[in-house]
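Bear in mind these aren't lab numbers, they're just calculated from the coordinates by the rules spelled out. Please read all numbers here as calculations on a predicted model, not as lab measurements. Don't worry about glycine lacking a Cβ; one is built from the backbone with ideal geometry, like all the others, and counts go over all protein chains shown.
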Amino acid sequence: MMDTRKAGIKMCLMMGGTISFVNSLIGTLSSGRFTLGGFLLSFLVSFLVSFGLGLLVPIKRISDALIRKMGLKLGTLKARLLEALVSDLVYSPLMTFVMVYLAYSQAVAHGARIAFGPMLLKSECISFVSAFILSFVLSPIYSRLAFRNIER
């Protein structure tokens, strides 16, 4: 039991770190004003949110139950697409909202006049697509790495 918990934490660290890194990079680059400090702050906040969610929300259990309920076989293309979608629906909205709110607050504090809604909507769309792709591609790889020493 403890080994699977450790493996789950490894998985959470790898996926959360990768998605946070990529989405923070995309977000700060698409803002038109990339700064290393802004990127690092965005990455740190995003990573902490994703890690917290990963510890609190049993994504694997939820997606496996949904896959079984839909009559899909684990490991198939449809099942993997559904797993990526479930993960994306749990992580992306909150992570993106927090990151955009942080960026918006900093921009407004420096005198920028921007609307929060369009900024959030654009970022949610971009983050949702990038996180879905990353989750779909990297989840099986990271899962093998995290769970390779676990007896099944």
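Starting from segment 1-47, pick out the chymotrypsin sites (Phe, Trp or Tyr not before Pro) whose DSSP state is loop and whose Cβ has at most 14 other Cβ atoms within 10 Å.
Qualifying residues, ordered by number: Phe34.
Running a GNM on the chain with Cα contacts under 10 Å, which residue among Leu134, Leu66, Leu13 ends up with the highest mean-square fluctuation?
Looking only at Leu134, Leu66, Leu13, the biggest GNM fluctuation is shown by Leu66.
If I build a Gaussian network model for the chain, linking alpha-carbon pairs within less than 10 angstrom, which residue out of Leu138, Leu77, Leu48 has the largest mean-square fluctuation?
It is Leu77.
May I ask you to sort Tyr91, Tyr104 by Cβ crowding, counting other Cβ atoms within 10 Å and putting the fewest first?
With the sparsest Cβ surroundings first, the list reads Tyr104, Tyr91.
Could you work out how much longer the chain between Arg148 and Leu77 gets when fully extended? Use 0.36 nm per residue separation minus the Cα distance between them, nm to one decimal.
23.4 nm
Given only helices, namely DSSP H runs of n ≥ 4 each adding -39500 (n - 2.57), what is the per-residue ellipticity at 222 nm of the chain, to the nearest 500 deg cm²/dmol?
-29500 deg cm²/dmol
Take Ile26, project a point 7 Å from its Cα along the Cβ direction, then tell me which residues of segment 114-132 have their backbone nitrogen under 17 Å from it.
Under cut-off, by backbone N: 119-132.
Just to confirm my numbers, what's the Cα centroid distance between segment 73-106 and segment 124-146 in Å?
Between the Cα centre of segment 73-106 and that of segment 124-146, the gap is 9 Å.
Using a Gaussian network model of the chain with C-alpha springs under 10 Å, which one of Ile114, Ile19, Ile126 is most mobile by mean-square fluctuation?
Highest fluctuation of the listed residues: Ile114.
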